[in-house]
Amino acid sequence: DVKVTQSSRYLVKRTGEKVFLECVQDMDHENMFWYRQDPGLGLRLIYFSYDVKMKEKGDIPEGYSVSREKKERFSLILESASTNQTSMYLCASSSPGTDIGKLFFGSGTQLSVL
Amino acid sequence: GIQVEQSPPDLILQEGANSTLRCNFSDSVNNLQWFHQNPWGQLINLFYIPSGTKQNGRLSATTVATERYSLLYISSSQTTDSGVYFCAVSTEMYSGGGADGLTFGKGTHLIIQP
């Protein structure tokens, strides 16, 4: 089975801190994604990457950046955390294949910014 | 961008009942997936179904792409079916296939009572 691992389940940070959220997948998937999930707003795409060192903005990239130095790892960076970035962050991966673009999610990181 | 509407927003059923969840989308899609988010927040991919019909045990899904809707059927509901069901779609394909992010509906919150 595909495994997508997010480094932390819960994270508490202070306003202004630089925050790194890490995601690793073990199925050699080309594509990786970061979403955030908020009550009443559903899941919204922040950034995605379809290859090493490639990145594309999603629907809500402001205040975030990403890094993909290795195929299996995709990092989300909050340069200066703010309280409105308190959210559940979900990483996902996919690959061309039998079901092109079938998404597999990690278990999420609940980030609280105080 | 594409709009995704799911109905009903909430559904409460007794164990053993059947249910139909609907997903309407505003544009032609080449990628449609159904997910179940369990009470612990884990998102599980149920179906990759841009068109046609698929079945997996008590669950089945049908997408009528020409009429821009998809249906998820749950038969003989169990309490473990509780959670939020999301439909997600995409209209674009980057090189590598399926690399673009999905747009999610707001979900149907299903509660199965014993």
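Just so you know, all these numbers are worked out from the coordinates, no wet-lab data involved. In this text the structure is predicted, and so the values were computed from the model without any measurement. Please note: Cβ atoms are built from the backbone with ideal geometry, for glycine as well, and neighbour counts cover all protein chains shown.
Odds and ends about this structure:
- Qualifying residue in the range B:64-84 (condition: within 11 Å of another protein chain (Cβ to nearest Cβ) and under 15 Å from residue B:104 (Cβ atoms)): yes
- Counting only strands (runs of 3 or more DSSP E) that sit completely within the range B:1-53, those holding 1 or more residues that are under 13 Å from residue B:81 (Cα atoms) correspond to B:10-14, B:19-25, B:31-37, B:43-48.
- Residue match in the range B:54-64 (condition: aliphatic (A, V, I, L, M), assigned to a strand (DSSP E or B), over 18 Å from residue A:101 (Cα atoms) and over 15 Å from the mean Cα position of the chain (by Cα)): no
Here is a yes/no grid of residues against (1) more than 12 Å from every other protein chain (Cβ to nearest Cβ); (2) of a type in the set (S, T, N, Q):
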{"site": "A:16", "(1), (2)": "yes, no"}
{"site": "A:22", "(1), (2)": "yes, no"}
{"site": "A:31", "(1), (2)": "no, yes"}
{"site": "A:34", "(1), (2)": "no, no"}
{"site": "A:64", "(1), (2)": "yes, no"}
{"site": "A:91", "(1), (2)": "no, no"}
{"site": "A:112", "(1), (2)": "yes, yes"}
